[in-house]
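None of the figures in this text is laboratory data; all of them are computed from the coordinates on show. Please read these numbers as outputs of a predicted model, since none were measured by experiment. Virtual Cβ from ideal backbone geometry, glycine too; neighbours counted across all protein chains shown.
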2 protein chains.
Amino acid sequence: MAKQPIGFLDSGVGGLTVVKEALRQLPQEDIVFIGDQARLPYGPRPASQVQEFTWQLTNFLLKKQIKMLVFACNTATAEALEVIKPHLSIPVVGVILPGTRAAIKASHNGQIGVIATEGTIASNAYEKAIKLRDPDLTVVSLAAPKFVPLVESNQYQGELARKIVAETLAPLKETAIDTLILGCTHYPLLRPLIQDFMGPKVQLIDSGAEAVSEVSVLLDYFEIANHHLEGPRQTSFYTTASPEMFDQIAGDWLDLNEIHAEQVNVKESN
Amino acid sequence: MAKQPIGFLDSGVGGLTVVKEALRQLPQEDIVFIGDQARLPYGPRPASQVQEFTWQLTNFLLKKQIKMLVFACNTATAEALEVIKPHLSIPVVGVILPGTRAAIKASHNGQIGVIATEGTIASNAYEKAIKLRDPDLTVVSLAAPKFVPLVESNQYQGELARKIVAETLAPLKETAIDTLILGCTHYPLLRPLIQDFMGPKVQLIDSGAEAVSEVSVLLDYFEIANHHLEGPRQTSFYTTASPEMFDQIAGDWLDLNEIHAEQVNVKESN
């Protein structure tokens, strides 16, 4: 089992921020990634539809013989993880609890901000998870629906992005938060602009990167880490839309020269 | 099961650096701690004896109905965890893998230092764990046998401590490490002096504090976190030696006014 790949799913390229950390921290693990770019963003969709789409991505990855499944998408984690996890025999990791734990660890004044898609914010998943663990903490939540389209259209750098980040996050500048959870795996691509606007005193939590720590804990706990890689590690990338934009963003972001995503139809594969 | 306490064991007060993080990050969990001060340091003891003593501490904690056991001691983790873990039906967490993961995550140049007791260094546990996960990393290990007695005698601040830290760590200053694992749970009490000597460019990894992240992951994964604390959380501290020094160090370190450790004989309790 140790030699099987880890599967990552996302609505689009955002999950690559999780893959990037996995490539770095788990250099002996094979990775399969699928982004559902044809149907993004997931944020505004009803929960039942997010669950249906996430099941399709899950089934696609299960056919790749994955040993662990990572929901590298906050919306899918908020809406579908608890529904799908009980049906699988492999460990399933989401991004919300890792982000929650890291924020509780990082905050000194107990004032935590969360930015995420409308779906994740409406689900109240972060606030519930944080309050369940420490009822004394204060959570300020804010939907940032313009961020995902900005990233997926490869406009996550430059003046337009800077303007949208400032307009969106303005309400958070009035608060006393010392920690801000990037509650969508697309947002780390906007991290420099977000940090710039919020200032150096606010610590940003990349929930996706934190999820890799949980993956690592569970690989060890269940003794399914690959400690004997033969040859170079294998990575496979799939998208439900045209691979061109995917390859460009993925290549830039992952700092890999050659990424060739394969376009697949997850509806037919089921 | 969620309402049962988490057990922590150590050779002495060092494990309190782990408890401190647990108190902060897991405010709804009851905690039972035992330090084997009568028989410390564990570092120079043969593995078989460390295993015998650790079994005694484990059995003491099991009688307290713990739901999870934390080896808050690197020497016990290196020498006894793999021996004891298969015999227990509750999750067991050590400090070496969490420290390993955090160092791999933190290092930018792939040069990682480890300081620990003679026993932990001789076991080669950190180097093995790091290399198994990433063979390309370089590990520089150094035993620091004078640090535990310094802490246990409450001399971990001041000029003597500064001098011993400088003398001990001098060989590491010649290396290119950018990350240094504090591979003994006593060492975080010396953290300001260690950071001062190594300089701001070397990132210190507190393996004990990192273990609390693993505790949190496993509490969630096995759904045994306490989300409904009734009244103030319970903490119990036990030592195998006189509680006076223990109470003083614990009170200072944990920033708690009143700690009254109870002296117990773990040999008789078995």
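Can you give me the convex hull volume of the Cα atoms of the protein assembly as shown, divided per residue and expressed in Å³? Don't skip to the answer; put the middle values down first.
Details: hull volume 81.0 nm³, N = 540.
About 150 Å³ per residue, rounded to a whole number.
Using a Förster radius of 60 Å, what is the FRET efficiency between A:S236 and B:Q65 based on their Cβ-Cβ separation? Nearest 0.05, please.
On the way: r = 47 Å, r/R0 = 0.78.
With a Förster radius of 60 Å, E is 0.80.
Roughly how far apart, in whole Å, are the Cα centres of region B:1-71 and region A:51-129?
Distance between centres, Cα-based: 32 Å.
Against the longest principal axis of chain A, how steep is helix A:47-62, in degrees 0 to 90 to the nearest 10, with axes from Cα atoms?
Tilt relative to chain A: about 40 degrees.
Using a 10 angstrom cutoff on alpha carbons, build the Gaussian network for chain A and name the most mobile of A:V95, A:V217, A:V139.
A:V217
Between B:E52 and B:A2, how many nm apart are label points set 7 Å from Cα along the C-beta direction?
It is 4.3 nm.
Under the definition of Cα pairs under 8 Å and six or more residues apart, what whole-number percent is the relative contact order of chain B?
Numbers: 509 pairs, mean separation 74.3, N = 270.
Relative CO of chain B lands at 28 percent.
Say R0 is 30 Å: what FRET efficiency, to the nearest 0.05, do B:E167 and B:H87 get from their beta-carbon distance? List each step's numbers first, then the result.
Numbers: r = 41 Å, r/R0 = 1.37.
That pair, B:E167 with B:H87, gives E of 0.15.
Where does helix B:207-221 land angle-wise versus the long Cα axis of chain B, in degrees 0 to 90, nearest 10?
That works out to roughly 50 degrees.
Please compute one quarter of the surface area of the Cα convex hull for region A:172-270 and express it in square nanometres. Please list the in-between numbers first.
Details: hull surface 40.7 nm².
That works out to 10.2 nm², a quarter of the Cα hull's surface.
Any idea what the dipole of region A:176-270 comes to, in debye rounded to 20, about its Cα centre with Lys/Arg Cβ at +1 and Asp/Glu Cβ at -1? Write down the numbers at each step before the final one.
Values: 4 positive and 15 negative charges, 55 e Å.
Roughly 260 debye for region A:176-270.
DSSP loop (so not H, G, I, E, B), at most 14 other Cβ within 10 Å: list which GluC sites (Glu not before Pro) in region B:117-193 pass both filters. It would help to have the intermediate numbers written out before the result.
Details: sites: B:E118, B:E127, B:E152, B:E159, B:E167, B:E174; in loops: B:E174.
When the GluC sites (Glu not before Pro) of region B:117-193 are filtered for loop state and at most 14 Cβ neighbours within 10 Å, B:E174 remain.
Note down, for chain A, the three equivalent ellipsoid semi-axes (square root of 5 times each alpha carbon gyration tensor eigenvalue), biggest first, whole angstrom. List each step's numbers first, then the result.
Working: eigenvalues 156, 87, 65 Å².
The equivalent ellipsoid of chain A has semi-axes of 28, 21, 18 Å.
Run the numbers on region B:36-195 and let me know its relative contact order in percent, using alpha-carbon pairs under 8 Å that are six or more apart.
On the way: 210 pairs, mean separation 41.6, N = 160.
Worked out over region B:36-195, it gives 26 percent.
Nearest the rotation axis from A to B, which residue of chain A has its beta carbon, and at what whole-angstrom distance?
Checking which Cβ lies nearest the axis yields A:V217, 2.
Between region A:132-146 and region A:221-268, how far is it from one alpha carbon centroid to the other, in angstrom?
If we compute the Cα centre of each part, the gap is 32 Å.
So what's the net charge close to A:S107: Lys and Arg +1, Asp and Glu -1, counting the other residues with Cβ under 13 Å from its Cβ?
On the way: positive: A:R101, A:K105, A:R133, A:K201, B:R24; negative: A:D134, A:D136, A:D178.
So the surrounding residues net to +2.
Determine, for B:M1, B:M68, the number of other Cβ atoms within 10 Å of each Cβ, and report the residues in order from fewest to most.
Details: B:M1 11, B:M68 22.
Going from sparsest to densest Cβ surroundings: B:M1, B:M68.
Which whole-number percentage describes the relative contact order of region A:168-232, with Cα contacts under 8 Å and a sequence gap of 6 or more?
Working: 35 pairs, mean separation 21.4, N = 65.
Rounded, it is 33 percent for region A:168-232.
Roughly how compact is region A:96-207, stated as its Cα Rg over 2.2 N^0.38 Å to two decimals?
Details: Rg = 13.1 Å, N = 112, 2.2 N^0.38 = 13.2 Å.
Taking N as the residue count of region A:96-207, the ratio is 0.99.
Which angle from 0 to 90°, rounded to the nearest 10, does the C-alpha axis of helix A:96-106 make with the longest principal axis of chain A?
Once rounded, one gets 50 degrees.
Magnitude of the Cβ-charge dipole of region B:219-270, K/R +1 and D/E -1, about the Cα centre, nearest 20 debye? Present the calculation step by step, with values, prior to reporting the outcome.
Working: 2 positive and 10 negative charges, 32 e Å.
Magnitude of the dipole: close to 160 debye.
Quick one: order A:I177, B:I112 by neighbouring beta-carbon count within 10 Å, fewest to most.
Values: A:I177 24, B:I112 28.
By the 10 Å Cβ count, ascending: A:I177, B:I112.
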